[in-house]
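So the structure is just underneath, and the comments pick up after that.
The values are calculated or read from the model by the stated rules, or taken from the named source; none is laboratory data. From a predicted model like this one, the values you see are computed outputs, not experimental measurements. We place every Cβ from the backbone using ideal geometry, glycine too, and count neighbours over all the protein chains shown. All accessible areas refer to the heavy atoms of the entire protein, side chains included, with ligands and DNA or RNA removed. Shrake-Rupley method; radii C 1.70, N 1.55, O 1.52, S 1.80 Å.
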There are 4 protein chains.
Amino acid sequence: MSQSILKVNCPDRPGLIYHIAKIIYEHGLNIEKNSEFVNDEHNWFFFRAILDGKIDYDQLKSQLLSVLPKNGEVKLIKREKKDMVILGTKESHCLGDILIRYSSNELNANIKAIISNHMDLKFLADKFDIPYHYIDAKDLSREDHEERVKEAIDRYSVDLIVLAKYMRILTPSFVKEYEGKIINIHHSFLPAFIGANPYKQAYDRGVKIIGATAHYVNDNLDEGPIIAQDVVSVNHDYSWRDMQKAGRNIEKIVLSKAIDLALDDRIFVFKNKTVIF
Amino acid sequence: MSQSILKVNCPDRPGLIYHIAKIIYEHGLNIEKNSEFVNDEHNWFFFRAILDGKIDYDQLKSQLLSVLPKNGEVKLIKREKKDMVILGTKESHCLGDILIRYSSNELNANIKAIISNHMDLKFLADKFDIPYHYIDAKDLSREDHEERVKEAIDRYSVDLIVLAKYMRILTPSFVKEYEGKIINIHHSFLPAFIGANPYKQAYDRGVKIIGATAHYVNDNLDEGPIIAQDVVSVNHDYSWRDMQKAGRNIEKIVLSKAIDLALDDRIFVFKNKTVIF
Amino acid sequence: MSQSILKVNCPDRPGLIYHIAKIIYEHGLNIEKNSEFVNDEHNWFFFRAILDGKIDYDQLKSQLLSVLPKNGEVKLIKREKKDMVILGTKESHCLGDILIRYSSNELNANIKAIISNHMDLKFLADKFDIPYHYIDAKDLSREDHEERVKEAIDRYSVDLIVLAKYMRILTPSFVKEYEGKIINIHHSFLPAFIGANPYKQAYDRGVKIIGATAHYVNDNLDEGPIIAQDVVSVNHDYSWRDMQKAGRNIEKIVLSKAIDLALDDRIFVFKNKTVIF
Amino acid sequence: MSQSILKVNCPDRPGLIYHIAKIIYEHGLNIEKNSEFVNDEHNWFFFRAILDGKIDYDQLKSQLLSVLPKNGEVKLIKREKKDMVILGTKESHCLGDILIRYSSNELNANIKAIISNHMDLKFLADKFDIPYHYIDAKDLSREDHEERVKEAIDRYSVDLIVLAKYMRILTPSFVKEYEGKIINIHHSFLPAFIGANPYKQAYDRGVKIIGATAHYVNDNLDEGPIIAQDVVSVNHDYSWRDMQKAGRNIEKIVLSKAIDLALDDRIFVFKNKTVIF
């Protein structure tokens, strides 16, 4: 049966669940599953439900909006595969993990293209018959290069852009254009070791744990809303390259987890943080 | 402001959230937080909410029951400290952790008594000024010993009975008497290594991970509904006593977590499993 | 510079390290790294070193044996890529992870072939240009099928046989033939849930943690020496299929870890357990 | 039988293990267990052994030094309980955990005293009959207050000083006086969230994991060599106080682990990092 996902967020006030549930009930829809959360600090209400049944989206959406406080938001979409593109540079571990899960039908998405400023990953794209857009950054300004990346992305109707170890910094205008659609994997346990070669930094600091962080991208490098994090233990016997290898396992797991959450519309972004149901 | 906890479970059908939310709304109560889950296998609905405001419990409860399917259950209680007793034998690590958290106000409970078939834990009870009931099992039948334990427990109005490494097997009649109120910590990662000296068993098997399991007690030893589990890595360098020591850290953490969940009425037991919000 | 790996195990007695180190020193070899462990229960000594320099293997080995107690074993091999074959059936997540790591040079091995009783994994073998031996088990006795599998394996000089979700039970004669060379990934946290569909068993038991175990294969199904284990948290919201999906991530990580340990000769097997340096 | 711990570190060169093992062998001592590590970056050798037998410490030490390169260090001590003092301020969770483990003989130490700038922890000291030195910091300069703390510490022969949530910054002169003897628990996953109220910082950042770090104290606040770290998962549903509570469980576990490692002389400090056997 056809399923839809409803996401509501608005200032909190008594009766919200009652009013929302009433409208859903009167539409004859079944709530397959719902989650609710109130952020006490900002008095903000979040609600997500999976709805079974045929829906007139515009009508249901406008009825829901009519019972919400001002500044309320309603998102109502069919539960189906999303279209995504992947941006990478040279490292293959995250891209490889995504492609393997894709090829075995574990990924609820269509991978439309892989875009890279290098040729290193083309062999993987070819193996899985995914279009590969090689967009060399040499001799191009950051803006001109990004313009060509945008052209490549915009050939597809894209729901999600995954930075799978894409090593170029995005301009604010690019980020704004695809706001809330770009997920990055950070090769460290944010907020630790921001910047270049975090594994060398971690090694120099003598840490006993290595982490990775998947987050939405915003204007500040590595400062976007965190979606998922995980860690792995290391010890003095690890060179920084050993730490990097251990980190790669965590990176791919954390990125894949974040992608799955985004593909199933389980994430709200609010005040630079995430609410995840 | 006064808070109450509402727990509902019943066969699932459309409109349940609407009907429940409507009644709460009409009572002028605010839903501070709510969680909902449907077990698809058994088509069973679970709902828990924290309600703000003054409540006529009997009236609210009967109204809620009137909109539920047959076999529906409603639990509605004031959110406040619960009374608990702790049963132990000789090992002090779990009891000690509970007492330390109790003494620093981290435990949402009143510890009414410690009951034991040995004197080993009396020094701890004394340190924290908790009544200690020493009930020797020697020369007593299991039934007679349990009878005296029951007498000790029943001096208090008990919401929760914690088996903090209580090494005696409980009879079905005892378990039945305090159904849904007894939490045990199992010194292993269930369902592994059921029975005596699980650390020796784990050592002999050469496991690389040691675990602990907190569960409600039912008739089958170590087979009750699991509340919490956690693990810690070990290696060939661990003797079974080292594993036991590592296990103790996990045991106390896991038991404390399960106690906190029970004290805040966050656990449903259904078909020998738990739903935890 | 050329490196070798030395592995020694024997009954423990005083002076072993001195005698071993003396011989290494007199050969003008540098100990890049060494580890030592004594199993107190069986009074057994384990020693592993990475040696830098050119070695006359036969001479060094016989000198070392001459200073060990009776029943001592010396293994001395060049540190280089090993040859492995992978056996699979239908599930691709473990095989895919190995192949992706292989294609990005993260695996210290040559994958010589993939062998399967089904055609499901051929597309992956083709993507990575690995010979695929499809050996249908239909209409064949277990012995006859295994005979053909052996023929396929024996076309290559094999150091390691990885069962990447190979769903057929191996005969004792097969296991004996490749003793100490076969690694399996068990879809559960041994010793829990031995047998069929462990995720369904785990779901039915209501566990809060899912695990995976990589182990050497011996005659008893799922009873071989454990190499690596790891877990992931789950909750009541997981269907058994969700648990299976979560389990797959752990399975592939645990199997990859075990393969890396085996490829670097870091594992001793002793009394059905492992010592890992 | 009497056991001793030998710790050696020096510039690496071939034959070190041979020369060390030879001396030990010639003294008729048995190596119960040994570990060795070479830091490749700095070409530095670390060796630790547990020795069985009666030892002339001065003679053995000078013989060992004679076979080491310049700048080599030898530490040789009896394996026995160490004396420690604990400094705290107001929070009791770490102190409580230490005391509970102490009272059940799980801590390989004599706790000589608890020192605090507040009275909040006295009730715990009293429960466990430990001398409590209340040294008020009011109206005292940092130096004067520290002087009194030093006086209190120096009444005892102290091997280890544990800062169990001691909230005052130590002066370089204090740190220098007890160099390599002070262990601190940092309420965060270093190097993240250095400074005040890390749980509020973590909450504001929306992290999905909370950590704790035990480290030796040096001149730079929170910058000393890391001994142990661990983490726990959190989510959007955690207020910063919930994060703090979750963090406390990790803090006490991590601190206890670091204390055990220090008490068993398993830690080398080198270049602001630790090597732990």
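Each listed q (0.08, 0.12, 0.13 Å⁻¹) maps to a log10 I(q)/I(0) for the range B:82-276 from the Debye sum over equal C-alpha point scatterers, namely -0.25, -0.57, -0.67. Placing a label point 7 Å from Cα along the Cα-to-Cβ direction at A:Ser173 gives distances to the equivalent points in the other copies of 6.0, 7.4, 8.4 nm, listed shortest first.
Largest mean-square fluctuation among A:Pro198, A:Pro14, A:Pro131, in a Gaussian network model of chain A whose springs join Cα atoms under 10 Å apart, belongs to A:Pro14. When the pairs C:Lys61/D:Lys54; A:Lys78/C:Lys245; A:Lys33/A:Lys82; A:Lys271/C:Lys257 are compared against a 30 Å limit on Cα-Cα distance, C:Lys61/D:Lys54; A:Lys271/C:Lys257 fall above it.
When both the range B:127-165 and the range B:17-92 are represented by their alpha-carbon centers, they are found 30 Å apart. Here the relative contact order of chain B, from alpha carbon pairs under 8 Å that lie six or more residues apart, stands at 15 percent.
Legend: calculated FRET efficiency, C:Lys81 to D:Ile169, from the Cβ-Cβ distance at R0 = 56 Å, rounded to 0.05, equals 0.60. The listed residues B:Glu41, B:Glu106, once ranked by accessible area (1.4 Å probe) with the largest placed first, stand as B:Glu41, B:Glu106.
Annotation: the antiparallel percentage among DSSP beta bridges lying fully within the protein assembly as shown is about 70.
Each Lys and Arg Cβ is given +1 and each Asp and Glu Cβ -1; about its Cα centre, chain B then shows a dipole of about 320 debye.
Proximity of backbone amide H atoms, modeled 1.01 Å from N, is registered between A:Asn110 and A:Lys82, A:Asp83, A:Met84 at under 5 Å, excluding neighbours fewer than 5 places apart on the same chain.
Here's how it looks for B:Gly224: its modeled amide H is under 5 Å from those of B:Asn218, which are all 5 or more places away or on a different chain. Sequence-distant contacts, meaning Cα pairs under 8 Å at least 6 residues apart, place the relative contact order of the range C:3-78 at 50 percent. When A and B come together, around 1600 square angstrom of accessible surface is lost from both chains combined, probe 1.4 Å.
Taking Cβ atoms as reference points and 13 Å as the exclusive limit, the residues near B:Val149 contribute a net charge of -3, counting Lys and Arg as +1 and Asp and Glu as -1.
For the range D:1-73, applying the loop criterion from DSSP together with a ceiling of 12 other beta carbons within 10 Å to the trypsin sites (Lys or Arg not before Pro) yields D:Lys54, D:Lys70.
What is the helix-to-structure angle for B:57-67, meaning the angle in degrees between its Cα long axis and the longest Cα principal axis of chain B, kept from 0 to 90 and rounded to the nearest 10? Tilt relative to chain B: about 70 degrees.
Rolling a 1.4 Å probe over the heavy atoms of the protein chains gives the protein assembly as shown an accessible area of 40 Å² per residue.
Label sites at B:Lys90 and A:Ser62, each approximated as a point 7 angstrom past Cα along Cα to Cβ, lie 7.7 nm apart.
Only DSSP H runs of four or more residues enter the estimate; each adds -39500 (n - 2.57), and after division by the residues of chain D the mean residue ellipticity at 222 nm equals -10000 deg cm²/dmol. Distances between copies at D:Gly28, taken between label points 7 Å from Cα along the C-beta direction, are 3.8, 9.1, 9.7 nm in increasing order.
Starting from the label point of D:Met119 at 7 Å along Cα→Cβ, the same points in the other copies fall at 3.6, 7.9, 8.5 nm, in ascending order. The trypsin sites (Lys or Arg not before Pro) of the range C:119-153 that meet both conditions, a loop assignment by DSSP and at most 10 other Cβ atoms within 10 Å of the site Cβ, are C:Lys138.
The rotation axis that maps chain C onto chain D passes nearest to the beta carbon of this chain C residue, listed with its distance in whole angstrom: C:Ala21, 3. Once the Cα atoms are used to define both axes, helix A:93-103 deviates from the longest principal axis of chain A by about 50 degrees. Solvent-accessible area of A:Ser92, all protein chains in place: 10 Å² (probe radius 1.4 Å, heavy atoms, ligands and nucleic acids excluded).
Computed from backbone phi, the HN-Hα couplings of the range D:265-277 come to 6, 9, 10, 9, 10, 8, 6, 6, 10, 10, 10, 10, 9 Hz, rounded to whole numbers (Karplus: 6.51 cos²θ - 1.76 cosθ + 1.60, θ = phi - 60°; Gly and Pro given as x). Residues whose amide H lies under 5 Å from that of A:Ile135, counting only those 5 or more places away or on a different chain, are A:Ser116, A:Asn117, A:His118; hydrogens are built 1.01 Å from N in the peptide plane.
Using 0.36 nm times the number of residues separating B:Asn272 and B:Ile23, minus their current alpha carbon distance, what extension gain do you get? Length gained, B:Asn272 through B:Ile23: 86.6 nm.
Ranking A:Ile115, A:Leu263, A:Gln229 by how far each Cα lies toward the positive end of the dipole of the range A:82-276 (charges on Cβ) leaves A:Gln229 at the top.
Atom-type composition of the exposed protein surface of the range C:3-78 places 45 percent of the accessible area on carbon and sulfur (1.4 angstrom probe).
Max-minus-min Cα coordinates of the range A:1-135 on each principal axis give 55, 38, 21 Å, with the largest extent listed first. Rounded, prolate or oblate: pick one for the range D:3-78, where a ≥ b ≥ c are the square roots of the eigenvalues of its C-alpha gyration tensor, a/c under 1.5 means rounded, and failing that, prolate if a/b is larger than b/c, else oblate. Prolate shape, in that a/c is at least 1.5 and a/b is the bigger ratio. If you model the protein assembly as shown as an ellipsoid using its alpha carbon gyration tensor, with each semi-axis the square root of five times an eigenvalue, the axes come out at 46, 41, 31 Å, biggest first. Full extension of the chain between A:Asn71 and A:Lys54 yields a length gain of 3.4 nm, computed as 0.36 nm times the residue separation minus the alpha carbon distance. Computed from the C-beta positions of D:Asp139 and B:Lys200 and an R0 of 51 Å, the FRET efficiency is 0.30 to the nearest 0.05. The local environment of C:Asp97, defined by Cβ-Cβ distances under 13 Å, has a net charge of +2 under the rule Lys, Arg +1 and Asp, Glu -1.
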